[in-house]
Amino acid sequence: MAEVQSGPGKIRLFTDCSGAGVDLASTIAPLVNHGDFHICGQGIAEDDSGAPVLTSDGLNGVIQLTTTDEDIHCIGFQTGTMFDVGKMAPIVLEARVRPAEITTGEVFIGFSDVCTDLAIIEGALFHGNTVTITNTASDGCGFLQSSELTDASDWHAVYNGGTATAVTVSTSLDLDDPQVVGDWQILRLEIDPNGTVRWYIDGVLKKTVEGAVSTSTDLCAHLLVESKTTAVKTLDVDYFLVEANRDWTV
């Protein structure tokens, strides 16, 4: 990390999901600003996809990310490609989320070196099927939940690109902390300057992997939900936070 100069030395990106959402009846471009993040994803231009604000039980400010009913359509929050582990760590990502159901779709919350307005999870980042994890992104780490995995309700600690060999057997990555429909969970990632990653759920350390990610590959942050076949997928989000040191060398 470069020597700290004057000015704000920390980057803090945050949304409390308290601002205006995106109604399901709206047709929006592939990229919409929301707080410090973009709302993006394949299919969000359709009028049955969006990010409406919940008013019945969202007193903190809650947005419900909602996909279309088409296969591998996606919606979520994302940053630009802006994080270098070796220069900017420790990097922290934290989100409070709640599933409406866990029988369809896929969720990824973490980092990768793949950044596009038409974001998808399967085929671009990571994917789970039966007991196999496919690591498509050449670098990244995060929480993955997939209805196509044998253990469909659990979060899995996926990673690729560092000195540690990426694991493709899902049972070795299962965090054994299942989602429960209607219950909130706080997911937290911590990345050290040497590429070591720690996964926490509700304040409990679930897994640590040394050298999980590259120390020199630029990453973006994601909170994405994706549909499968013809089933709409939703995910309630209370807040999304990403923190890092500023890179003073640029």
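Quick rundown of the values:
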{"read-out": "Matching residues in segment 182-197 - criterion: being out of contact with any Lys or Arg (no Cβ under 6 Å at 6 or more places or on another chain) and crowded, with 17+ Cβ neighbours inside 10 Å", "value": "Gln185, Leu187, Arg188, Leu189, Ile191, Asp192, Gly195, Thr196, Val197"}
{"read-out": "Search result, residues across segment 112-142 that are in a strand (DSSP E or B) and either more than 12 Å from Gly161 (Cα to Cα) or aromatic (Phe, Trp, Tyr) (or both)", "value": "Phe126, His127, Gly128, Asn129, Thr130, Thr132, Ile133, Thr134, Gly142"}
{"read-out": "Residue among Thr116, Thr136 that is β-branched (Val, Ile, Thr), modelled with pLDDT under 95 and under 17 Å from the mean Cα position of the chain (by Cα)", "value": "Thr116"}
{"read-out": "From Thr171, Thr208, residue being of a type outside the set (A, V, I, L, M, F, W, C), farther than 22 Å from Cys74 by Cα and not in a strand (DSSP E or B)", "value": "Thr171"}
{"read-out": "Matching residues, segment 130-148, being β-branched (Val, Ile, Thr) and crowded, with 21+ Cβ neighbours inside 10 Å", "value": "Ile133"}
{"read-out": "Neighbours by Cβ (under 6 Å, 6+ apart or cross-chain): first from segment 214-241, closer than 19 Å to Leu144 by Cβ; second basic (Lys, Arg)", "value": "Val225/Lys233; Ser227/Lys233; Asp236/Arg98"}
{"read-out": "Which numbered condition Pro178 fails, given (1) surrounded by 15 or more Cβ atoms within 10 Å (Cβ to Cβ); (2) assigned to a loop (DSSP other than H, G, I, E, B); (3) at pLDDT 95 or above", "value": "(3)"}
{"read-out": "Filter pass, Gly128 being modelled with pLDDT of 95 or more, over 27 Å from Pro8 (Cβ atoms) and in contact with a Leu (Cβ under 6 Å, 6 or more places away or on another chain)", "value": "yes"}
{"read-out": "Test: residue in segment 148-158 that is in contact with a strand residue (DSSP E or B) (Cβ under 8 Å, 6 or more places away or on another chain), in a strand (DSSP E or B) and in contact (Cβ under 8 Å) with a residue 40 or more places away in the chain", "value": "yes"}
{"read-out": "Segment 90-127, residues that are of a type outside the set (Val, Ile, Thr) and within 19 Å of Val180 (Cβ to Cβ)", "value": "Ala95, Arg96, Arg98, Pro99, Ala100, Glu101, Gly105, Glu106"}
{"read-out": "Selection from segment 149-167 of residues that are surrounded by fewer than 18 Cβ atoms within 10 Å (Cβ to Cβ), of a type in the set (S, T, N, Q) and within 19 Å of the chain's Cα centre (by Cα)", "value": "Ser153"}
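Yes/no per residue for (1) at pLDDT 90 or above; (2) crowded, with 21+ Cβ neighbours inside 10 Å; (3) of a type in the set (Gly, Ala, Ser); (4) in a strand (DSSP E or B):
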{"position": "Gly19", "(1), (2), (3), (4)": "no, no, yes, no"}
{"position": "Ala29", "(1), (2), (3), (4)": "no, no, yes, no"}
{"position": "Asp57", "(1), (2), (3), (4)": "no, no, no, no"}
{"position": "Asp69", "(1), (2), (3), (4)": "yes, no, no, no"}
{"position": "Thr81", "(1), (2), (3), (4)": "yes, no, no, no"}
{"position": "Glu94", "(1), (2), (3), (4)": "yes, no, no, yes"}
{"position": "Ile109", "(1), (2), (3), (4)": "yes, yes, no, yes"}
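The values are calculated or read from the model by the stated rules, or taken from the named source; none is laboratory data. Since we're looking at a predicted model, the values are computed, not measured. All Cβ positions, glycine included, derive from the backbone under ideal geometry; neighbour counts span all protein chains shown.
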